[in-house]
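Quick notes on the structure that follows.
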């Protein structure tokens, strides 16, 4: 938690990964984030993984530091409360993050009648408004057929919902950019961020689409080989699997040094009439000749021998480790100042991260847990919508809020 | 291209994916982005995929709409130019995006002597400053062992550099957030964004770490099954592979409707004593019983029969298609207003995307190509550093710039 965005009030009406991470990043930089959900929870409220008592570790992971109000969104009076929240007044309010449909009761047109300078960031599936999720959009991009061993034709979807995550961060960027523009011009706007467009643009940004157009077909599967450079997993004498990577000239020469491969590689270069030193593409082209040299070099040493030599020699490498080992890895989790032990709504206390960036000049503020569903219903109705306590009681009695 | 960030001047000294995409997003929202590189190009200047003439489609994809200045960064005079650029004056200048080391000649301390309110966003590998790239950090998180078929123990790194991409978007968000704070307080700051911390926080945000702590081990490989819900690839009667997904109650009931599986599933529910309708986790738990029903239903129909029925019924599904087919898919590339045919420095003209978000109220500005390396050297030296033409000529003659 940092306070860069102190004074912003963001309302989130959303579910799943993209829009909730957008608002999470805003909250971790000090914005007040009010998330509304249906009474009983939205479609992501019971999403796996679960604690033993059925509470969603996923939901509480994505909603840290937010306030929660529960509203019956099926009823007109509930919908009106959601609309008024999204468009609530305040200089750095009127900031709404959602994945509700473009033309529903939370359309920009509807909300802009309540607040003309509203900023709305809307996560969508397909750009045409049709149903699409990370998995179905990824399937349409060819990536599941580019992923995994060359000898297995089965599609491999990514386990990490990369398009959701990228869209969430891009939406946070879009929201603060639109606020900066509103400071300058007074104008609000709707920013629509379809997963499909973020994905299509990314495939182009990285050169995948131009490559496919040139070649006539997409990049083939190549197992764990790093495309266009030198890198792969290798096994040590004691059966450990390491990742070795050499893109830059320095990465390459250091790897050869430590593995004692300078002579062998020079002989191969002479035979092939190429120089690998400054052309990582040639290392990729001739990888079938290079791999046996590296396999033999790795097989001669144990991890315990290689690790300090790699580190001392500045080699770019890493071990494969399961997440349970990563939890004890001080480079990732153990003792990482990003994390604090926090009691979450599931009843469990475990390490929970604040903002993933670090600002050396600023002090980290405490990491705050996710809310219980509806924990801030009364507070939000009173402070944001200025409802009286009798009006709030009436809404509870009528089952419009909880 | 939109003009939300008009007036910002951002200097980029970076390579590879994360920091360049950060600055790309800023440029696509209207910031002026000046990228400096070593004369002859940085370590990413020849990165694959390549055009036939050796130009990097990757480099030109990531540097669209930026200005380029080429500097000999090995020489003190070149380094000083880079420092003065990073810390150049101007109300919405002093915005520097880099992946240079924390303590080198582009350290925050050094640059802040030139401009006290500098905002510097620094992409790092590992948080401790040691060498780490997307591939080696991903290996340390367990994901390559969670990805792919359960019957194959080989590690599967993602083809899409998800941590790089997420870090890039998060850095764009961080930079604009820091600028909002500077507008308020006048203070600059350094924001350090290590891939390792972005990755560790994300694994926690999504519940992976809490799950692993509870279970004692990470999630096992499960091929293409969607964790905690119902979803997988299925084959049609004509041998096409589709992705079907049912997380929400609506997605589930619509899929059963269209596939004619209501009766079979009700019988299975009765046998097991469960109800799948509102509990996606139960669908996952009992997926081995559900899959045969779906496999048979898919095998009875062709894609041509299923597709319109799925679309009419609102089912969440998608075909697997290779990227060459996606290029003709109007939902992704063909006719998508994000894309324009642009002549790039490689000499090729192909569809190039602007900002991946869409703002209905604003007009899209033209998509601009990547620069040739050093295309704006003289312009930047004259306009930003106010050097005279004779001084610029001297720098060229001395080989300090190109």
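Read-outs: derived from the displayed coordinates by stated rules, not from any lab. Just so it is clear, the structure is predicted and the values come from calculations on it, not from any experiment. Every residue, glycine among them, receives a Cβ derived from its backbone with ideal geometry; neighbour counts consider all protein chains shown.
Model label sites at residue B:343 and residue A:75, defined 7 Å from Cα along the beta-carbon direction, differ in position by 6.5 nm. Between copies, the label points at residue A:385 (set 7 angstrom from Cα along Cα-to-Cβ) are spaced 5.9 nm, reported in nanometres from shortest to longest. Each DSSP beta bridge with both residues in chain A is either parallel or antiparallel, and the antiparallel ones are about 45%. Express the Stokes-Einstein translational diffusion coefficient of chain B in µm² s⁻¹, to the nearest whole number, given a Kirkwood radius over alpha-carbon pairs, 4 °C and a viscosity of 1.567 mPa s. Here the translational diffusion coefficient equals 53 µm²/s. Here the label points at residue A:379 and residue B:257, each 7 Å from Cα along the C-beta direction, are separated by 4.1 nm in the simple model. With helices as the sole contributors, the protein assembly as shown gives -11500 deg cm²/dmol at 222 nm; each DSSP H run of n ≥ 4 counts as -39500 (n - 2.57), and the sum is divided by every residue.
Sorting the segments B:10-23, A:49-62 by their residues' average number of neighbouring beta-carbon atoms within 10 angstrom, most packed first, yields B:10-23, A:49-62.
Comparing Cα centroids, the range B:1-46 and the range A:76-111 end up 34 angstrom apart. For peptide B:246-255, the mean count of partner chain Cβ atoms within 10 Å of a residue's Cβ comes to 2. Rg/Rh, computed from the Cα trace of the protein assembly as shown with Rh as the Kirkwood radius, has the value 0.96. Model label sites at residue B:277 and residue A:183, defined 7 Å from Cα along the beta-carbon direction, differ in position by 5.1 nm. The mean count of C-beta atoms from other chains within 10 Å of the C-beta of residues in A:147-155, rounded to a whole number, is 5. Using a 7 Å projection from Cα along Cα-to-Cβ, the label point at residue A:334 is separated from the same position in the remaining copies by 5.5 nm, smallest value first.
Could you tell me the convex hull volume per residue, in Å³, taken over the Cα atoms of the range A:48-171?
162 Å³
The overall shape of the range B:1-108, judged from the alpha-carbon gyration tensor, is oblate: a/c is not under 1.5, and a/b is no greater than b/c. Taken over the C-alpha atoms, the range B:230-319 has Rg and Dmax values of 12.2, 36 angstrom.
Averaged over residues, the count of other Cβ atoms within 10 Å places the peptides A:252-263, B:268-279, B:248-259 in the sequence B:248-259, A:252-263, B:268-279, highest first. Counting Cβ atoms of other protein chains within 10 Å of each Cβ in A:226-238 and taking the mean gives 3.
Only counting other Cβ atoms within 10 Å, I'd like B:141, A:206, A:348 sorted with the fewest neighbours first. Don't skip to the answer; put the middle values down first.
On the way: B:141 29, A:206 23, A:348 17.
In increasing order of surrounding Cβ atoms, one gets A:348, A:206, B:141.
One way to sum up the overall shape of the range A:321-364 is the equivalent ellipsoid from its Cα gyration tensor, whose semi-axes run 20, 17, 7 Å, largest first. Placing a label point 7 Å from the Cα of residue B:117 along the Cα-to-Cβ direction, the residues of the range B:1-16 with a backbone N closer than 17 Å are B:7-11.
Label-point distances for residue A:213 to the equivalent site in the other copies, using a point 7 angstrom along Cα→C-beta, read 4.8 nm when ranked shortest first.
Determine the percent antiparallel among the DSSP beta bridges restricted to the protein assembly as shown, to the nearest 5.
On the way: 38 of 84 bridges.
Looking only at bridges with both residues in the protein assembly as shown, the antiparallel portion is about 45 percent.
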